Amino acid sequence: MTRTTMKLATAALASALMSGAAYAQTSGTVAFLMPDQASTRYEEHDFPGFKAAMEKLCADCQVIYQNADADVARQQQQFNSVIAQGAKVVVLDPVDSSAAASLVALAQSQGVKVIAYDRPIPDKPADYYVSFDNEGIGKAIAESLMRHLEEKEVPTDKGGVLQINGSPTDAAAGLIRDGIHAGIATSEYKTLAEYDTPDWAPPKAQEWASGQITRFGDQIVGVVAANDGTAGGAIAAFKAAGVNPVPPVTGNDATIAALQLIIAGDQYNTISKPSEIVAAAAAKVAVQLLNGETPEAKTTLYNTPSELFVPAVVTRENLKAEIIDKGIQTAAELCTGRYAEGCAELGIK
């Protein structure tokens with residue numbers, strides 16, 4: 001966790017303590033179940049942020065962490081295991097949002113509370129849902145790209161964009177997809193082809209993009225990719241095909257690799273959403289549920305009381321202000337090797 005994301009999480013916790021209260025709970029078991037390792041965020045940001053927040057709010061609570069590695073059956077086994085170990089609250093980021101409905105029903109039948117995390121569970125209301133605004137993310141990255149194409153005066157009749165969505169089993173990916181549709185609809189650019197990426201796997205996104213490059217060639221004026229992994233797969237496909245320059249590609253998550261691609265001019269945008277903020281909010285709700293309290297609903301999604309955070313779109317123009325100046329990443333982390341020249345251009349040092 002970087003200095004500023006730790007500060008952001010700490011500030012969120014301090015605010016929670018000042019506004020909510022005095023948490024009387026001194027012990028209890030909470031499980032934190034994440035969906036996959038295709039993205040590095042869960043081990044590098046989400047779990048460390050959640051663990052740090054729990055240590056502040058409930059020092060004697062036990063936290064169990066498991067990652068399902070994109071395996072639905074494994075997540076079901078992990079879910080059953082943590083309940084058997086006495087977890088009274090399960091923070092669940094589901095591999096398969098539909099399959100997770102039965103897990104919520106099982107937990108609630110045994111008096112165990114479930115916090116849906118990052119990905120919603122549409123078919124069975126959890127006790128709470130904490131995430132960034134996924135539909136808003138999709139719309140924001142697509143609108144950002146559409147404005148860029150218009151500013152560059154790319155003819156609307158030249159071709160169109162590719163749309164690379166996330167996993168078809170992830171309800172959050174569906175929200176991002178819907179947002180992307182809405183964002184593209186703000187322009188006159190058309191969608192040439194659309195793909196749902198199994199397990200959010202970058203190699204699968206790259207393979208699909210390669211086929212579309214063969215199919216459409218220079219008709220592709222941009223790519224709306226739902227996250228940085230699928231964006232990286234698309235960019236790799238263009239480079240392998242010898243396309244130079246690479247058409248502008250969107251992303252989401254502000255991974256170090258994506259930020260470096262933006263610095264180099266290979267990726268157009270991403271979304272900065274420090275996971276520690278959502279992790280801290282989930283910890284606050286978990287302790288409230290342990291205490292028998294009813295967490296305040298900031299909004300409702302799929303009949304579930306929810307809190308949705310609004311992230312920032314990052315491009316080359318504001319990367320320094322949004323990422324470096326806010327301490328989310330440092331120049332030393334980003335400006336390595338071939339990225340040093342781009343950093344110099346952006347005044348990052």
Which one of these does Thr40 not meet: (1) β-branched (Val, Ile, Thr); (2) surrounded by fewer than 23 Cβ atoms within 10 Å (Cβ to Cβ); (3) at pLDDT 95 or above; (4) closer than 22 Å to Thr230 by Cβ? (3)
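Among the listed residues Ala182, Ala226, Ala209, identify the single one that is under 22 Å from Asp71 (Cβ atoms), touching a helix residue (DSSP H, G or I) at 6+ places or on another chain (Cβ under 9 Å) and touching a residue at least 40 places away in the same chain (Cβ under 8 Å). Walk me through it before giving the result.
Values: Ala182 fails: under 22 Å from Asp71 (Cβ atoms); Ala209 fails: under 22 Å from Asp71 (Cβ atoms).
So the residue among Ala182, Ala226, Ala209 that is under 22 Å from Asp71 (Cβ atoms), touching a helix residue (DSSP H, G or I) at 6+ places or on another chain (Cβ under 9 Å) and touching a residue at least 40 places away in the same chain (Cβ under 8 Å) is Ala226.
Can you go through Ala140, Ala68, Ala99, Ala105 and tell me which one is on the phi < 0 side of the Ramachandran plot, over 21 Å from the mean Cα position of the chain (by Cα) and modelled with pLDDT of 95 or more? Step through it out loud before you land on a result.
Values: Ala140 fails: over 21 Å from the mean Cα position of the chain (by Cα); Ala68 fails: over 21 Å from the mean Cα position of the chain (by Cα); Ala99 fails: over 21 Å from the mean Cα position of the chain (by Cα).
After ruling out the rest, the residue left standing is Ala105.
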Residue list for segment 131-166, restricted to those being outside any strand (DSSP E or B) and in contact with a Leu (Cβ under 6 Å, 6 or more places away or on another chain): Asp133, Asn134, Glu135
Counted residues in segment 159-177 being over 20 Å from Leu192 (Cβ atoms) and polar (S, T, N, Q) come to 2
Out of everything in segment 321-330 that is hydrophobic (A, V, I, L, M, F, W, C) and assigned to a helix (DSSP H, G or I), what residue ends up being surrounded by the fewest Cβ atoms within 10 Å (Cβ to Cβ)? Ala321
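Hey, could you check segment 206-232 for residues that are over 17 Å from the mean Cα position of the chain (by Cα) and of a type in the set (Gly, Ala, Ser) and say which is surrounded by the most Cβ atoms within 10 Å (Cβ to Cβ)?
Per the criteria, the residue is Ala209.
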Any residue in segment 73-86 that is under 15 Å from Val104 (Cβ atoms) sitting within a Cβ distance under 7 Å of a residue that is part of a helix (DSSP H, G or I)? List the pairs, counting only those 6 or more apart or interchain. Gln76/Leu103; Phe79/Leu103; Ile83/Ala107
Over segment 331-349, the set of residues in contact with a helix residue (DSSP H, G or I) (Cβ under 7 Å, 6 or more places away or on another chain) and either on the phi > 0 side of the Ramachandran plot or part of a loop (DSSP other than H, G, I, E, B) (or both) is Cys335, Leu346, Gly347, Ile348, Lys349
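Based on this model, can you work out whether Lys113 counts as farther than 25 Å from Pro198 by Cα and buried (at least 20 other Cβ atoms within 10 Å of the Cβ)?
Details: farther than 25 Å from Pro198 by Cα: yes; buried (at least 20 other Cβ atoms within 10 Å of the Cβ): yes.
Answer is yes for this residue.
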If I filter segment 85-141 down to residues being touching a strand residue (DSSP E or B) at 6+ places or on another chain (Cβ under 8 Å) and among the charged types (D, E, K, R), which single residue comes out as farthest from Pro274 (Cα to Cα)? Lys88
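The values are calculated or read from the model by the stated rules, or taken from the named source; none is laboratory data. None of the values given here were measured: they were computed from a predicted structure. Backbone-built Cβ (ideal geometry, glycine too); neighbour counts: all protein chains shown.
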